[in-house]
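For reference, the structure is listed below as structure tokens.
The values are calculated or read from the model by the stated rules, or taken from the named source; none is laboratory data. Owing to the predicted nature of the structure, the values given are computational and were not obtained by experimental measurement. Positions of Cβ are generated from backbone atoms using ideal geometry, with glycine treated the same way; all protein chains shown enter the neighbour counts. These area figures cover heavy atoms from the full protein model, side chains too; ligands, DNA and RNA do not enter into them. Shrake-Rupley method; radii C 1.70, N 1.55, O 1.52, S 1.80 Å.
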Amino acid sequence: MSIGLKNYSLKNERENRINFDYSAGMPVDPVIVDEMIPYMTTKYGNPSSLHSFGQEARVALVDAQRRVAKLIGSTDPEREIYFTSSATESNNLALRGVALRNKKRGNHVIISAIEHVSIRNAAKYLQLRGFKITILPVGEDGIVDVNFLKDAIEPGTILASIMHANNEIGTIQPIEEISSVTQNEGILLHVDATSSTGKIPIDVARSGIDLLTIPSNDLSGPKGVGGIFIKDGTPIEPIIFGGGQQRGLRSASEDVAAIVGMGKAAEIAERRMGSDGKRLTRMRDKIMDSVSETVEGVSVYGHREHRLPNNAMIGIFGVEGEQAIMELDKNGISASTGSACASKNLDLSHVLEAIGVNEVERYGTILFSLSRWNREKEVDRLLAVLPRIIGELREISPIWKFRDRLEEFYAG
Ligand code: PLP
């Protein structure tokens, strides 16, 4: 039985406001909600139960594993795809689960300087428990230099965790080059693909990836669920203990409705990736090109081509990012200053620091994260108001006023 979504449409959301802050949260596609509802109402069995109620839920779970596996190139869904509560949990499982399980082999873990806080803080946790953590630098374009990775590997290195694409600057890492190093050196590779899954192709088998963090909401699936690919045979231990669900690696009764939603989101993303990617790239480039060509003192952060199709991050010298966000909001447009996790407290981005953006410039960033719900006319509306907003904010900006004399001021 399917329950129709009579009162639910994304049309109104689009007509009333323009959202360029989809990295903070995506709407759940009504088609996906429709597929989830029976698993909260009539098909509410527990996949661990032997009776047919339970087995109905088990079939749905296995189907979701199959859909997620297909999106990322896993050939053994039932042994390699696990569901968690979030990308944060998947990242924690990857780092802590691999490090603790392999500590007899070595105690050295490598992460990149632009990883999400869920990786950075899991690494800090390990450091407090005696692990050695190396943070790999990135270039100005946000890309890891594989020679630095080679140099960082030591006899006790067990794991490298390098994200596929960065959530702030959009830069995509050369994962196959990276995995050729990790495979040669016999160390495990974890890739956080939260920002990239379903936006650009990834093939875990071809790319030599041992563990891959997979999102749900970033795919337009529900929040409160996430996934992880773990290559069969990878030495890892659980970080949550309980009834031994999911092959003992992730105890807790599975949220089948959410998992079904994530599976459907993966299926839709796989089908739409190519055409959405082309449309998003056009809109992304229009934002970056137009603002940097028409407004002076604007920088585009991240690699110009090796970047996510839906990510445009710009730096506007002499303008405070938060003020620009509030002015855009008054004009009915949502954007952010950077990572959703850090943008409410005024912490400056470690990602921008890693690519060499100075502290003054780091105050003036705007991140436009697009989704397939965006339309070209929304980009036009943004471009019609943004230069005026920047101009008005610069009129009251001391940094802009004294921009030619800043070095003199710094020198004291
Ligand atoms: N990894 C990356 C690259 C992210 O951008 C995020 C969230 O934005 C996460 C992990 C954590 O995702 P969640 O907050 O859904 O657990």
Restricting attention to the range 141-153, does a residue exist that is within 16 Å of the ligand (Cβ to nearest atom) and buried (at least 22 other Cβ atoms within 10 Å of the Cβ)?
yes
For the structure I just gave you, tell me whether Y82 is within 16 Å of the ligand (Cβ to nearest atom) and within 24 Å of G244 (Cβ to Cβ). yes
Verdict on D255 being open to solvent by 20 Å² or more (accessible area, probe 1.4 Å), within 16 Å of the ligand (Cβ to nearest atom), at pLDDT 95 or above and acidic (D, E):
yes
When the range 38-64 is checked residue by residue, the ones that are in contact with a Lys or Arg (Cβ under 9 Å, 6 or more places away or on another chain), open to solvent by less than 30 Å² (accessible area, probe 1.4 Å) and outside any loop (DSSP other than H, G, I, E, B) are A57, A60, A64
When restricted to S161, S216, S195, S180, the only residue open to solvent by 10 Å² or more (accessible area, probe 1.4 Å), within 12 Å of the ligand (Cβ to nearest atom) and of a type in the set (S, T, Y) is S195
Exactly one of G261, G277 is over 27 Å from V98 (Cα atoms) and not assigned by TED's automatic domain parsing to the domain that holds V62, and that one is G277
All-but-one check, K223 against (1) away from the ligand (no atom under 15 Å from the Cβ); (2) open to solvent by 20 Å² or more (accessible area, probe 1.4 Å), failing number (1)
Taking the range 11-37 and the residues there that are over 23 Å from the mean Cα position of the chain (by Cα) and in a loop (DSSP other than H, G, I, E, B), the one that is modelled with the lowest pLDDT would be R17
The residue that is least open to solvent (accessible area, probe 1.4 Å), considering only those in the range 72-92 that are farther than 30 Å from G139 by Cα and within 16 Å of the chain's Cα centre (by Cα), is T84
Listed by first then second residue, the pairs whose first member lies in the range 17-37 and is in contact (Cβ under 8 Å) with a residue 12 or more places away in the chain, whose partner is open to solvent by 30 Å² or more (accessible area, probe 1.4 Å) and charged (D, E, K, R), with beta carbons under 7 Å and at least 6 positions apart or on separate chains, are I18/R381; M26/D218; P27/E13
Does any residue of the range 145-159 turn out to be touching a strand residue (DSSP E or B) at 6+ places or on another chain (Cβ under 6 Å) and under 22 Å from F83 (Cα atoms)? yes
Within the range 93-113, the count of residues that are open to solvent by less than 30 Å² (accessible area, probe 1.4 Å) and out of contact with any strand residue (DSSP E or B) (no Cβ under 7 Å at 6 or more places or on another chain) comes to 1
